[in-house]
Amino acid sequence: MKLDVDVLRYLSKDDFRVLTAVEMGMRNHEIVPSDLIDRIASLKHGGTYKVLKNLLKHKLLHHDSSKYDGFRLTYLGYDFLAIKTMVNRGVFTAVGRQIGVGKESDIFEVAREDGTVMAMKLHRLGRTSFRAVKSKRDYLRHRSSYNWLYLSRLAALKEFAFMKALEEHGFPVPNAVDCNRHCVVMSLIQGYPLVQVKQLQNPETVFDTIIGLIVRLAEHGLIHCDFNEFNIMIDDDEKVTMIDFPQMVSVSHRNAQMYFDRDIECIFKFFGKRFNMSFEEQSDDIDGSEVDEDESSRPSFSSITKTAGFLDKELAASGFTRKDQDDIEKFIEGDAGDDVSDDEHESGLCQTNIKGFDSLHLDQKEPTSSCNEEEQGDENQHSPEAGLTGNPESQNSSNEEEDNQNADENDAELMKSLAKQRRRTMAAARRGRKSVASRNSYKDKGGYMLRWK
Ligand code: ADP
Ligand code: MG
């Protein structure tokens, strides 16, 4: 199975309505009972069940009758909701090939109508650790609505917020374009992950730049925590761009020193091995000494003048709260060493092989999409919450409320943009970039220290 966005074209308004109802139900149900879905969707004449069958056929939902008859979203279902929202917002109009497989994400090219190609990252926090998520439930027990959708959404929100803030502070990161649910759209970096680069013209300059970035991040109160050759992109001019921010922490984190040292060490090790840069063993007494670029000593966490508050103040402005940060940290911290589970295959996205771009013009074959103002009014009257006795939203965070609001807006927006998009054609730009399959696999190989001569 692939991320067949073609299916998106043939999904009706009711299909999306029911899909959204399942999403809402999942805020407090791992498996959403069929009758609850029916109540939330409030389709006329029991239409929900027919729609559920259709969604199941397209693998947008998973049916579970082990405890009671119910459904949950699959990654694909969640992908479609996010993609639909992005298309409605006019962020992109086409989805192209998969360009990356991260540890807990899939990255695709997406294109605007004018041919601009961007990168779309779909977070899959539950993928490598769906079983582990279950065992970590303790951490998040206070959240009745906790599930992998929530975690993936948090990861995306965090990544987006950090990318934006870092960009504003002049860090070399992709341009953060938009974020919805578990999906982040950003500029496409022309280049390759450092792990694929066998030779550099100026390895020492690149090394200095990278170490300098870790230090500068700490000066801004942040530690990347996964700063390795998989998360550093490098272009033909050896310009460095850093990516992948969901695991970043503040320098006031209790393990900050360890994370900082680990990031530094990772770079030292990689450059030592890959580019034969020689470092001499660093004696213990150097730990804690001043950074000395000339002597290329290992930067020490304690000697860096850090600006606290970066996280709290600037990130809160982008909707990523301290509580969100805590929730995701708790999850990520307990997450090291999990293997890819069978759940990965559920979405089938790892095997995706998209040829060119699939335009998302949601056209002709849509039975119920005669889109007019009256119908949209009707839609609002029968908003999913209206059918609920216990409104799940009341238990949710402001972010979830925002999401829900978005979903409602999107239904109306979708109808408009469907009609508009029907009349358009799209020239999807294709780039000659090599398909990139990478997997972040930082492994701590023990505690020797290195110094670059
Ligand atoms: P994960 O968090 O799952 O590790 P990453 O953000 O590191 O995901 O992305 C995985 C891979 O996807 C990267 O190693 C890179 O090859 C590719 N990638 C990610 N973001 C971009 C981007 N903005 N432009 C180009 N390639 C990207
Ligand atoms: Mg990565």
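Neighbour counts of other Cβ atoms within 10 Å put ASP14, ASP263 in the fewest-to-most order ASP14, ASP263. Between ARG254 and HIS169, what is the spin-label point distance in nm, taking each point 7 Å from the Cα along the Cα→C-beta axis? Between ARG254 and HIS169, the simple spin-label model gives 2.4 nm. The HN-Hα couplings worked out from phi for the range 65-72 by the Karplus form 6.51 cos²θ - 1.76 cosθ + 1.60 (θ = phi - 60°) are 10, 5, 9, 7, 6, x, 9, 9 Hz, whole numbers, x standing for Gly and Pro. For trypsin sites (Lys or Arg not before Pro), the sites in the range 59-110 that DSSP calls loop and that have at most 15 other Cβ atoms within 10 Å are LYS67. Summary of packing: across the peptides 23-35, 195-207, the per-residue average of other C-beta atoms within 10 Å ranks them, highest first, as 23-35, 195-207. Taking 26 Å as the cut-off for C-alpha to C-alpha distance, list the pairs among LYS269/LYS330; LYS164/LYS323; LYS164/LYS330; LYS13/LYS59; LYS121/LYS273 that go past it. Listed pairs above 26 Å: LYS269/LYS330; LYS121/LYS273.
Arranged from highest to lowest average of other beta-carbon atoms within 10 Å per residue, in what order do the peptides 212-220, 164-172, 178-186 appear?
Working: 212-220: 19.1, 164-172: 16.8, 178-186: 24.6.
Going by the mean number of other Cβ atoms within 10 Å, highest first, we get 178-186, 212-220, 164-172.
Within the range 224-281, the GluC sites (Glu not before Pro) that combine a DSSP coil assignment with at most 15 other C-beta atoms in a 10 angstrom radius are GLU238.
Amide H to amide H distances under 5 Å link MET118 with VAL110, ALA111, ARG112, where only residues 5 or more positions off or on other chains count and H is placed in the peptide plane.
Fewest neighbouring Cβ atoms within 10 Å first, the residues THR116, THR305, THR209 line up as THR305, THR116, THR209.
Rounded to whole numbers, the Karplus 3J(HN,Hα) couplings from phi for the range 181-187 are 6, 9, 10, 10, 9, 9, 5 Hz, using 6.51 cos²θ - 1.76 cosθ + 1.60 with θ = phi - 60°, and x at Gly and Pro.
About its Cα centre, the dipole of the range 1-89 is roughly 220 debye, where the only charges are +1 on Lys and Arg Cβ and -1 on Asp and Glu Cβ.
Values in this text are rule-based calculations from the coordinates and carry no lab data. All figures in this text were calculated on a predicted structure; none of them were measured in a lab. Don't worry about glycine lacking a Cβ; one is built from the backbone with ideal geometry, like all the others, and counts go over all protein chains shown.
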